1. Does Glu52 satisfy the condition of being surrounded by fewer than 19 Cβ atoms within 10 Å (Cβ to Cβ) and either touching a residue at least 40 places away in the same chain (Cβ under 8 Å) or charged (D, E, K, R) (or both)?
2. Could you list, in sequence order, all residues of the range 148-172 that are within 23 Å of Pro17 (Cα to Cα) and touching a strand residue (DSSP E or B) at 6+ places or on another chain (Cβ under 6 Å)?
3. Starting from residues that are touching a Gly at 6+ places or on another chain (Cβ under 8 Å) and of a type in the set (D, E, K, R), keep the ones in the range 1-49 and report whichever is surrounded by the most Cβ atoms within 10 Å (Cβ to Cβ).
4. Scan the range 102-117 for residues that are crowded, with 22+ Cβ neighbours inside 10 Å and touching a Phe, Trp or Tyr at 6+ places or on another chain (Cβ under 9 Å) and report the count.
5. When you look at Asp185, is it modelled with pLDDT of 95 or more and surrounded by fewer than 16 Cβ atoms within 10 Å (Cβ to Cβ), yes or no?
6. When the residues of the range 16-25 are narrowed to those that are touching a residue at least 40 places away in the same chain (Cβ under 8 Å) and of a type outside the set (Ser, Thr, Tyr), which ends up farthest from the ligand (Cβ to nearest atom)?
Amino acid sequence: MSIDIRGNLKKLRAEIPESVSLLAVSKFHPDEMIMEAYDAGQRLFGESRVQEFIEKFERLPKDISWHFIGHLQTNKIKYLIGKVAMIESIDTVRLLELIDIESRKKDVVTNVLMQVHVAAEETKFGFYPEEILEYFKEKRYEELTNIHISGIMGMASNTEDETRVRADFKKIAEVFRKVKETAGDELRGFDVLSMGMSGDWRLAVEEGSTLVRIGSTIFGDRYYK
Ligand SMILES: *Cc1c(COP(=O)(O)O)cnc(C)c1O
């Protein structure tokens, strides 16, 4: 069965409000499929594994903006810095500090999102909402010289229960809003709220998402290697 990537993107773009960015999640999909999306005008792609990302980064056009969206082990930070446009999956303060150090070494500023955990699944990574609020209240980000915290990323519970999914998005959006309030004007460019995937992006957009991360609706099913 062939997948109409160009058509899928066109349909999505027609539906997603203009103010919301579309990250095409290309993890586990081959270069040819990414190039189909690229040829249809897509420039923002998301990957979740470091090795796979590096290989694709080396082979694919340099005007692609890559977001790293998977759990990142500290020993792999060095492979991403200077290559990714954004790391969306910051789940510990330690990770932030080490990304800052590595970014300073390479003389770049790395954009990141703080991942918030609200979903029912224990396996999902991220800070609890109160941990994030505390981090910003204490203004700990001021110690970072080579990181730009651009916003919040979160995932809703993996369930058909729309009420639960919407409640999760509301919680994530609330963290985003509260951080903005707490930090005020000092925290410049904190304006990305990354939430929503293939199954739930419409709800996420209704709850204020500014960036949806969509894989299977564009590329079809993933075949895990
Ligand atoms: C895989 C993944 C997505 C995309 O999931 P789809 O359901 O295929 O759209 C979005 N966000 C994260 C963090 C992911 O790991």
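1. Spelling it out, Glu52 is indeed surrounded by fewer than 19 Cβ atoms within 10 Å (Cβ to Cβ) and either touching a residue at least 40 places away in the same chain (Cβ under 8 Å) or charged (D, E, K, R) (or both).
2. Ser150, Gly151, Ile152, Met153, Gly154, Ile172
3. Glu47
4. 3
5. no
6. Only one residue fits best here, namely Pro17.
Let's see how each residue does on (1) away from the ligand (no atom under 16 Å from the Cβ); (2) crowded, with 17+ Cβ neighbours inside 10 Å; (3) within 21 Å of Glu36 (Cα to Cα):
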position	(1), (2), (3)
Leu60	yes, no, yes
Asp63	yes, no, yes
Trp66	no, yes, yes
Gly70	no, yes, no
Lys78	yes, no, no
Lys83	yes, no, no
Met86	no, yes, no
Ser89	no, yes, no
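The values are calculated or read from the model by the stated rules, or taken from the named source; none is laboratory data. On a predicted model such as this, the values are computed, not experimentally measured, just so you know. Here the Cβ is made from the backbone with ideal geometry for all residues, glycine too, and neighbour counts use every protein chain on show.
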